[in-house]
Each structure stands twice: as C-alpha cells, then as structure tokens.
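The structure appears right after this line, and notes come after that.
No value in this document is a laboratory result; all are computed from the given coordinates. Keep in mind that this is a model prediction, so the values were computed, not measured. So basically every Cβ, Gly included, is an ideal-geometry build from the backbone, and we count neighbours across all protein chains shown.
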C-alpha cells in the first residue's frame, strides 16, 4: 500500500516508517523536523545519537534495499502542499503523528500552550480537509492518547472509545445510548487530543471519512527490530523533563546514578506500551481498516498498567538506584486506579512485550551505553501546570551551592 | 464594570455593546472587522445600512453622552496585543463573540472550513491563555450554540450543558455521573463550539477560570432599544444564503415577493431567541457570574422552539407570501423533535419577546423599509455540506432563462 507517515521523523513515527517499509509498503515520511527544532529550543539532545533524516533514509536503503521517500512539509500550515502531495501520491493510508506530543512542554508557558493548540488542531483539520478535498478514500490512522479518558476514578473499566450510558427521557423512561467516553484531559496537549476526537466524529459523520484513533499509553523502550539494524537508524531517546516519558527517565537516571524522581507519592497509575508494540499496533490498524460509512474505530493501545512508584521500585531493584519523591508539577490526583481494556488490538493479534523482559536491555543497550551523552541539568521537570503550583513548589536552593535564592 | 466585547462590531456584539454601555458599564469593542470583510468576499451587504464603527460610536456618544472605546485587533492571531489590552484595561468581564458564526459559510469549501477552525479555536484559546497569563480573574462570557447538542432525537429534554448518566462499573454496579452533554455538531462551525467547550472545561479545571457558556438558539429580529435610537446605530440584517438566519430570510423573502424557501420538508425543529433577549441574557450572565472554583456555567439561551415549516406558514399568513420547498443543502434529518430547558435564564429574570409580538415590526420596520437594498441573487443558499449533496442537488437551469446548463 502507499502510506504517508506524517511526523515520520519523530519518536513513534520513525520506527513506524521503517516497520511499514519492511512490510513492503511504499512509505513517504512527511515531517517539518519540528521535534529536532524543539531540541534546539530546549537545548537538549536525544540521548541516542540520531542521524539526519537523509542519513537515516540512506542507511535504510543501503541495508535493506528499500526506499522511503521524504517530504519536508508543515502539515499545520502548508495545506496546499499537503493537498498536492495527496493528489500526487494517492495514499491508501495516512498515519498521523504530526502533533506536539509532550504534556509538560504544552504547559511550559502561554506560548507553548498556544503553539500546541494551533499546531495540533490545524494539523488534524488540514489532513481531514485534504482527504475530503482530494476525493481519496484514504484510511486515516491517528495516534491518540489514553489521557483523553482522564485519570479520575469513576469505577468504570475504560472501554475502547465508546461507552453505553443510560439517561432519563422527557417522559421519565430510561434511554440507553452509546456515547464517546466523556473527555477529561489533564494538560493542554491531552486536551487537543480530545478535540481531535470531535474532528474525527464530524468528518466521519459528514464525509464518511475512514478513521482509526489509537489511544496509546506511555511508550517506553527505544529500539525496534528495524532501528536496531544499524546505529544510523537508532531511534531517539528523550530523558529531559519535558519530552522524557516516565520510564525512560527512570532508566536514564539509574544509568547515571541520579535518584529516580517520582512526582508526589507515585500513586499515579498509568498505561504503558513498548515502542516495538506501537509499530505493530499501527500495522494491525492498517490491516484492519473501518469500512466506509462505519463509525470512527477507537482502540486502546496499551499492554500493561502500573503505578509509577512500582515502576521506580522495579528499576531500583534492577539497577541499585534510589528513589526520591519530588513535588508534583502537575495538577492531578496523588493516586488513582486505572483499569482499561485493550481487547481490540489483542484480538487482532498483538503479542505484548512485557516490562520484565525488555527493561534490562534498555538499561544496558541504551541508558548505560550512551550515558556519557547525558546532560544532567536537563533531568529536572521545570514545567509547572499552574501558577499556584509554580509558586508553592519552587525548588529550594541547590544543596551545597552556598547561595539562597530568597536572600 | 470594565467590559471587553470581542467581536463587538457584529450582529450580536454591536447591540450587546450598546446595551452594556447603556447600563453604565465601561465598554471596549474589540473587533478585526472580519464580518464586514466577509461581506466584501461574498459580495453582499447588510440589508440595513450599517455605518462604519467610528460613525456608530460617534453617534452613540452624541445621543447618550456615553463613550465606548474601540480597538481593532484580531483575537485569533494577535495574542501579544490582546494580552497588553487585558493588562491595560483590566476588564472584569470579557464577552467573547469573536468567532466565525455561520454554519453554511463554514461548509462552503476547504478554505472556509480551515478558516473557521483556525479562527474560532485560536480565538478562544488565546482569550483563555491571556486571562491566565495576565493574572486577572476576569469572567469570560462566551456565546455558544444550541447546535452543540445536535438535533438527533434521543428523547431527552436538553439540559443546560450537563447531563446525569448511569454507567456500569467494573464490578457490575451502576455508577451515576454528571457529564457534559455528548456533542453532536452538524457543521464545522458547530463543531468548533463543541471544541470550545473542551477548552472551557480544561481552563476551568486547571486554572479556575470563571466562564459562562451561553448556548444560543437561532437569533431573529434586528433592533434593540439602543440600536433604534438613531439610524446610524442600526444593527446589521443578513438575508443571504450564508449568514442570513432562517427567520430573517423568510421576512426578507416575504418583503420582496420571493417565495419562502424551506429546506426539505421543513420538519426541522429549532430554538429561537430575539436579539433584544440576547443582549438581556448577556447582561444577566454578567450579573450572575460563577464563583472562583465553580465549574463552567452553561445556560441555554432560547425562548421558543418551532418547526421551520410552521415559521414559514406564520410569515406567509402575515404577509401573503407563498412557501416553496427546495432541496436541503445540509446533511441532517428531515424532521426532528427538540425539547430544551431554558430555566436558568428565566430564573435570572429573562422576560421573552415572543414571535407573535415582534414579527410584524420586523416585516414593516426592516424588511419592507430597506427592501430596495436587497440583491435577490444572494438569497439562494449555495453552500453544500458534502460533495454528494452538491452533485445530487445541483439546481436545475433557471426557469425562463432559455439556456440549459447541461447543453
């Protein structure tokens, strides 16, 4: 199939592009390199030495003989070029990763809130408008987030997108209806994904757009079978306070003898998935598209659920690191339960990579191997969700620095 | 109070600005004049001869002695100027009308979809981000739409924003929860208002922003007590296929002996409110703000519910016009029931203007008085919701033109 991967140079997009190319699909990476530019802004680098997109694609061709095309294009702002690309390539599938995906980054400042909203919402709307305008019946596969459901406990096991509820009709009778699970985002970033759901529902209803929305848990791990083939194909590994996801941050911290920083009590429960399973899920979604006229297909893309403190303890056990509790910069419950179904992707054939089997490889192959590239100053999470939290939880003066910030 | 009216030069914004000024508030109109520019684009004019904003404000000062300030500013794109304005004026209230508000316009083309999404979502997010960044505790009063609820019959009497539903917990027990009424927008425009709701819920939860969202029905009527004071203050009256609301279009059509064009069977049921009641509702919302920490206050802003065919017959009776059914350019049910509560605003003191009392005034004072300014070519609705509808319902060759479009 002809497949466009929007955001195909990023953390999920890159291994997905290689995986789909390896499956024999004709892949075009579409990317504005915004993730690399944000590295520049934050003055941080991937722990792993990622190569330029041209070097990456050249290495891929050299090793596998397969060609992946590349188009530098900003999906959120260059609509006409996007439409022309659709008309020229006539993709069967468009995989949409082209959104700013870090919750802490989206909360750093007013500018970052506005960038995230503007970029993510216009990107999604542009893709949908271009599909309609081109007249193509392309299947859109979008990476959503488990965060659309929120983490407040309702006691309900999280379904896959839709929830059957009972409501009271005007005559007092009980009416049963299936609705989109009520949105409860915890950050500006997560909010944009709940707004994406409304785009999808509308374009599906009005234009019969075929859409799969994958609500992914927190990704861990770095490499996939394809990115391991050559060091020039290595995937990015973020450990900084904005883009580093929690488990990868623990692994990095363990590798450099930094305490494992747990926000608050660590009672927050989250869903996880290995990057190898991410690319497999995208493949499964592509192979099992919704029919024309069928509603948006929503699948939960996760394999395990853990409390953060338990993850920290697991990494501490494996590595001998110590756990340190730090104030939580997020406005969220200190602890929550989370039960979610992932029956859809399991039913399609997903075989999960478990934490127990993959974790040690990450420590040795990635975190320790590239530890010398780590900039320790980038580890603390300095993005605060609200002004109140920022003021109340300003870190104390650095230990042993001999200076006081309040003097 | 110091009040900013964003979109204060528009159809609802202008009479609201005058009304609030008359109540003694210090009003600043903030507008980028986009509505006048869209008139240029569509090559159409308000039936009523609206004056330039400077002439309007000069006349207001001359007649009442009251001063309304004016700032030409694009809320969706000029964030820094917006923030500076908030810091300089320190408003107690911000009334937010600064969105593209015509469903047919939002569906005209890919460009119009993207303009509506980009403008409306960035405008709302910018206002919220600016309130947070400025540190002001300003009360945001936003004009929503009854269209967020959708018009498919669930049998449920539409509540004011929130709905109590029962869902099944993991252990099989029934759990009751209050949720935002499930969104079901019928156009890109309506969709943006459902996405606005998610902005409001998030900023309310994260930053304790104080917000009132008014889900307004279809507005009819033109003048309010203040706009009637002088012809230079006259409000706009749209009768074209994009911006003309259904009842105003019927009135105009009656005044110029044009058939009353009913889309489909006319069995669509909609909620209505007179423009005089709109400005009163905004006043009531301002006088009754939510407390800090209180959830978003949602009120239904409507006074009557009618089937479109009944409205057409009523206008036909009053004027002798005839009714003509034309194909429906919208993708919607041919008929629907609609029952909605408006207890909130009635409870705050709203005394509705009824159709029976206001309709004849509109026919004589507006539609007939300015009939000579009507451009009949602008009456048909030429914006089609989907390509299928556009192709299936292309109008036949003009009667008596002697030409065939398919020859």
How high is the FRET efficiency from residue B:391 to residue A:51, r the C-beta distance, R0 56 Å, rounded to 0.05?
-> 0.70
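If you count the DSSP beta bridges with both ends in chain B, what percent of them are antiparallel, to the nearest 5? Walk me through the intermediate numbers first.
Numbers: 11 of 49 bridges.
Restricted to chain B, the bridges split so that about 20 percent are antiparallel.
Can you tell me how the protein assembly as shown classifies by the Cα gyration tensor, rounded, prolate or oblate, using a/c under 1.5 as the rounded cut? If you can, show how the numbers build up before the last one.
Values: a/c = 2.00, a/b = 1.61, b/c = 1.24.
It is prolate, given that a/c is not under 1.5 and a/b is the larger ratio.
Is the C-alpha gyration tensor of chain B telling us rounded, prolate or oblate? Criteria: a/c under 1.5 is rounded; beyond that, a/b larger than b/c is prolate, otherwise oblate.
Details: a/c = 1.59, a/b = 1.18, b/c = 1.35.
Oblate shape, in that a/c is at least 1.5 and b/c is the bigger or equal ratio.
So if we plug the beta-carbon distance of residue B:291 and residue A:335 into 1/(1 + (r/R0)^6) with R0 = 30 Å, what FRET efficiency do we get, rounded to 0.05?
Working: r = 28 Å, r/R0 = 0.94.
E between residue B:291 and residue A:335, to the nearest 0.05, is 0.60.
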Residues in the stretch A:236-262 near a label at residue A:322, defined as backbone nitrogen under 17 Å from the 7 Å Cα→Cβ point?
-> A:253-262
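Provide B:298, A:309, A:67 in ascending order of the number of other Cβ atoms located within 10 Å of each residue's Cβ, fewest first. Please report the intermediate quantities before stating the final value.
Numbers: B:298 22, A:309 19, A:67 12.
Least to most surrounded, the residues fall as A:67, A:309, B:298.
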Inter-copy spacing of residue B:90 label points, which lie 7 Å from Cα along Cα→Cβ, given in nm from shortest upward | 6.5
Could you give, in nm with one decimal, how far residue A:62 is from each other copy of that position, shortest first, with labels 7 Å out from Cα toward Cβ?
-> 7.9
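With the convex hull built on the Cα atoms of the stretch A:220-362, state its orientation-averaged projected area in nm². Walk me through the numbers on the way to the answer.
Details: hull surface 41.6 nm².
Averaged projected area of the stretch A:220-362's Cα convex hull equals 10.4 nm².
Just counting partner chain Cβ atoms within 10 Å, what average do the residues of peptide B:113-121 show around their Cβ? Mind showing how you got there, number by number?
Working: counts 7, 7, 0, 1, 9, 7, 0, 0, 7.
Taking the mean over all residues of the peptide, I get 4.
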Taking the stretch B:127-187 and dividing mean pair separation by its residue count, relative contact order in percent (alpha carbons under 8 Å, at least six apart) = 33 percent
Please tell me the relative contact order of the stretch A:1-123 in percent, rounded to the nearest whole number, where contacts are Cα pairs under 8 Å and at least six residues apart.
-> 33 percent
Once fully extended, how much extra length lies between residue A:354 and residue A:372, figured as 0.36 nm per residue of separation less the alpha-carbon to alpha-carbon distance?
-> 3.7 nm
How many nanometers, to one decimal and shortest first, lie between the label point of residue A:24 and those of its other copies, if labels sit 7 Å from Cα toward Cβ?
-> 8.0
Write down the Kirkwood hydrodynamic radius of the stretch A:1-139, to one decimal in angstroms, obtained as one divided by the mean of 1/r over all alpha carbon pairs.
-> 15.6 Å
Would you give the gap between the C-alpha center of the stretch B:270-306 and the C-alpha center of the stretch A:375-390, rounded to a whole Å?
-> 40 Å
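Pulled fully out, how much extra length does the chain show between residue A:33 and residue A:62, if you take 0.36 nm times their separation in residues and subtract their Cα-Cα distance?
Values: separation 29, 0.36 × 29 = 10.44 nm, distance 2.28 nm.
This chain segment gains 8.2 nm when fully extended.
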Roughly what % antiparallel, to the nearest 5, for the DSSP beta bridges in the stretch B:79-180?
-> 65 percent
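What's the exposure ranking of A:331, B:297, B:113, going from fewest to most Cβ atoms within 10 Å?
Numbers: A:331 16, B:297 22, B:113 25.
Listing A:331, B:297, B:113 from fewest to most nearby Cβ atoms yields A:331, B:297, B:113.
What's the Kirkwood radius of the stretch B:91-164 in Å, using all Cα pairs?
Here the Kirkwood hydrodynamic radius works out to 14.7 Å.
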Relative contact order (%) - criterion: Cα under 8 Å, at least six apart; region: chain A = 19 percent
Per residue of the protein assembly as shown, what 222 nm ellipticity follows from adding -39500 (n - 2.57) for every DSSP H run with n ≥ 4, rounded to the nearest 500?
-> -11000 deg cm²/dmol
What FRET efficiency comes out for the pair residue A:23/residue A:137, r = Cβ-Cβ distance, R0 = 22 Å, nearest 0.05?
-> 0.55
Counting only DSSP beta bridges with both residues in the protein assembly as shown, what percent are antiparallel, rounded to the nearest 5?
-> 25 percent
The stretch B:170-209 and the stretch A:113-174 have their Cα centres apart by a whole-number Å value of 11 Å
So between residue B:2 and residue B:169, what do we pick up on full extension, going 0.36 nm a residue minus the alpha carbon distance?
-> 55.4 nm
